[in-house]
Amino acid sequence: MRLKRPTSTNLILNLLVGICALILAFPLVWIVMTSLKQQAEVMTWPPTFLFVPTLDNFRVLFDVAQAGATSYGTIKVDFLTPITNSVVIALGSVIISLLIGVPAGYVLARRDIPLKEDIAFFILGFRFAPVLLVVIPLFSVFQAIGLYDTYIGMIWVYQVVTLPMIVWLSRSYIEEIPKDIEEAAAMDGAKPVRVVLHIVLPLLKPGLIGASLLIFLLAWHNFALGLILSSTKAPVTVALLKLLNPGVQFYPVMAAGLVVTMVIPVILIVIGQRHLERGLTFGAVK
Amino acid sequence: MTLQSSTSQLASPKDKAVTSAQDSRLDWWSIAAITPAIIVLLGFLFLFFYGVFQSLTDLKFGRPLVHFIGLNNYAALIKTGDFWNSVRATLVYAGSAVLAQAVLGLALAKLFATDVFLARVMRPVILLPLVLPPMSVALMWTTMMDPQNGIMNYLLSLAGISRFAWISDPNTAMFSLVLIDVWTYTPFFALIIFAGLQGINEEIKEAARVNGAKGWATFLHIELPLITPYILIAAVFRLIESLNQFDIIFGTTQGGPGNSTSVLSVRAYITAFQNLAFGRGAALMVVNWMIVLIGTFAMVKLWRLVRQRVG
């Protein structure tokens with residue numbers, strides 16, 4: 001039932017919603033604008049809202065060969081490598097998490113094994129793991145066994161973030177599939193493995209795609225693990241911080257870098273808003 | 001007749017044997033399916049305990065001999081003012097951020113639950129701050145809070161307020177960081193409270209209205225008690241994460257200016273990876289973890305209490 005409101009109340013409510021949306025969206029709009037400005041325009045006071053856009057800042061980020069031919073002097077920025085690193089690490093983490101997490105989620109949803117609830121709780125506990133406390137000892141371990149600054153090492157350590165999430169999400173998605181379908185197939189004589197592969201998995205596909213989007217996002221967000229456990233294989237979030245070092249005059253290039261890191265998440269909202277909402281609030285709301 | 005009975009006699013135990021074999025085989029399948037995930041996570045659990053152990057040693061990077069020194073790291077820590085300053089900074093940051101987010105998140109959720117035209121259209125915007133990398137959020141606000149020519153000071157000047165130092169002054173740095181955290185994570189509260197609001201039966205509200213309850217009274221005495229468990233569970237999640245917050249603080253102030261925003265996680269990083277005192281750094285993280293544990297425990301207790309009362 002929707003209640004009828006007077007037009008004036010309606011107008012005020014719309015206005016308030018608009019203001020909230022503006023507060024949430026304005027910083028992003030401003031950063032996009034900054035990334036399209038010339039160096040001189042960024043430094044002016046008062047800040048300008050109208051200007052001739054330029055892609056120069058993005059060129060500085062990516063055009064390693066031509067570094068030096070810009071208004072920033074001879075600054076070399078290699079932003080392509082960290083982006084590649086982030087994509088490789090995030091995709092690798094998603095694939096590994098799916099491979100070992102979904103079977104675990106299925107077992108926790110459908111099968112009876114000893115200590116099931118304890119195991120489920122143990123896995124959820126990692127949502128709150130003090131990452132730095134794990135990383136401090138890991139640093140020496142990685143140095144010792146040669147995993148420091150390797151993709152394999154990074155993908156493995158990212159599992160501390162992505163794996164618990166995929167286990168819990170796939171468990172909750174599997175619980176939503178009616179059990180009767182599986183039982184009927186088993187009654188018809190299908191083997192358990194076939195039931196899972198040919199009946200559960202296709203039904204699970206939309207949920208798994210959503211969960212994959214979310215854990216890709218979580219992997220994309222990560223900063224501390226890359227900062228400590230890698231140097232040449234560092235993700236894009238670590239490369240961003242380095243753009244700040246040269247000082248104030250680097251703002252427009254940093255803004256361009258920020259835009260690059262923000263594009264993927266914003267695209268993900270467009271494709272999977274419903275799944276992201278569910279994943280981001282997961283654990284608090286079923 | 002004899003043949004038949006003997007086959008039936010034979011058949012039944014064999015059937016049983018088949019099903020029990022199938023059962024135990026199923027079980028092995030299940031255990032095989034869950035084992036890789038458990039092994040990976042047990043590895044992290046082992047590292048966690050190894051970290052706790054390191055906090056009891058004098059481990060420094062490059063030092064060949066490591067001694068077990070018991071609680072000496074902790075004893076040395078609690079004697080320094082810097083340590084207590086970090087504890088205070090951690091609690092102030094997390095406490096004020098979560099409190100502000102709960103209040104603003106409730107307001108935002110109520111606003112979007114009105115379901116007016118713009119609320120329906122703008123719904124995805126709520127997600128925006130949550131999907132950005134926290135490091136990008138930190139650097140975005142660093143740019144905007146630049147005291148010389150940042151947009152924030154320009155907006156303040158439009159309102160006739162003179163320049164604000166934001167993250168570059170010890171007196172305002174913590175406030176600025178809390179502001180960034182609030183901008184980023186208020187939507188988290190809003191989403192969860194929104195889900196809670198939608199779960200409230202229209203009939204309950206209708207009954208209250210028929211009985212003459214005014215809008216404000218309906219909210220205070222009927223809606224608020226029903227959504228308090230949602231607010232508290234969101235607060236548990238946020239409290240844990242903001243007590244552990246590293247990215248936003250490291251990306252903006254790195255604990256400065258001076259010591260003003262040096263929360264435990266940032267101090268632990270600097271101790272372990274810039275001063276290379278791994279044992280001391282691990283000890284700081286153990287303290288941080290215990291604060292998280294105590295805070296979570298208290299919040300969960302409160303949540304249980306409220307849920308019992310609401311029923």
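Laid out as a table, the results:
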quantity	calculated
Expected 222 nm ellipticity per residue - DSSP helices of 4 or more, -39500 (n - 2.57), all of chain B, to 500	-25500 deg cm²/dmol
Kyte-Doolittle at least -1.0, axis length at least 18 Å by Cα - qualifying DSSP helices, chain B	B:2-54, B:81-113, B:117-131, B:170-199, B:224-243, B:278-310
Förster radius 45 Å - calculated FRET efficiency between A:Asp78 and A:Ala190, Cβ distance, rounded to 0.05	0.25
Highest-MSF residue in chain A out of A:His275, A:His198, A:His221 [GNM, Cα springs under 10 Å]	A:His198
Zone of B:Asp27's modelled label, taken as backbone nitrogen in segment A:181-219 under 17 Å from a point 7 Å along Cα→Cβ	none
Gyration tensor (Cα) of segment B:72-310, equivalent ellipsoid semi-axes in angstrom	37, 25, 14
Net charge contributed by nearby residues that have their C-beta within less than 13 Å of B:Ile227 (K/R +1, D/E -1)	+2
Selection from B:Tyr185, B:Phe46, B:Met174, by position along the positive dipole direction of chain B (Cβ)	B:Phe46
Computed over segment A:155-286, the ratio Rg/Rh where both radii use C-alpha atoms and Rh is Kirkwood	1.14
Selection from B:Val116, B:Leu197, B:Phe164 lying farthest towards where the dipole of segment B:72-310 points positive, charges on Cβ	B:Leu197
Of every Cα-Cα pair in the protein assembly as shown, the percent that sits beyond 38 Å	39 percent
Förster radius 30 Å - calculated FRET efficiency between A:Ala25 and B:Leu220, Cβ distance, rounded to 0.05	0.40
Interchain or long-range residues, amide H under 5 Å from B:Thr57's placed H	B:Ile69
For segment A:78-198, size of Cβ-based charge dipole, Lys and Arg +1, Asp and Glu -1, in debye	140 debye
R0 of 45 Å, Cβ-Cβ distance A:Arg274-B:Leu302: FRET efficiency to nearest 0.05	0.90
Stokes-Einstein D for segment B:133-207, Kirkwood Rh over Cα pairs, 4 °C, 1.567 mPa s (µm²/s)	88 µm²/s
For chain A: Kirkwood Rh in Å [reciprocal of mean 1/r, alpha carbons]	22.3 Å
Residue list for segment A:212-240, given a label point 7 angstrom along the Cα-to-Cβ vector of A:Ile95 and an amide N cut-off under 20 Å	A:212-222, A:233-236
Share of pairwise Cα separations in segment B:173-311, more than 17 Å, in percent	69 percent
Segment A:Lys205-A:Ile113, length gained on full extension (0.36 nm per residue, minus Cα span)	30.6 nm
Under DSSP loop assignment and at most 11 Cβ neighbours within 10 Å, longest trypsin sites (Lys or Arg not before Pro)-free interval of chain B	B:80-213
Kirkwood Rh in Å, taken over all unlike Cα pairs in segment A:174-223	12.4 Å
Alpha-carbon spread of segment A:7-54, three principal axes, descending order, Å	46, 17, 15
Point-charge dipole on Cβ atoms (K/R +1, D/E -1) for chain B, about Cα centre, debye to 20	400 debye
Dimensionless Rg/Rh of segment A:102-204 - Kirkwood Rh, Rg from C-alpha atoms	1.12
Positive-end extreme of charge dipole, chain A - chosen from A:Val266, A:Tyr151, A:Leu241 (charges on Cβ)	A:Val266
Charged-residue dipole, Cβ positions (Lys, Arg, Asp, Glu), chain A about Cα centre, Debye nearest 20	480 debye
Average projected area [Cα convex hull, segment A:20-152], square nanometres	14.9 nm²
Dimensionless Rg ratio for segment B:25-134, taking C-alpha atoms and the 2.2 N^0.38 Å reference	1.84
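Every read-out reported here was derived from the displayed coordinates using simple, explicitly stated rules and does not represent laboratory data. In this text the structure is predicted, and so the values were computed from the model without any measurement. Using ideal geometry, Cβ is built from the backbone for each residue, glycine included, and neighbour counts are taken over all protein chains shown.
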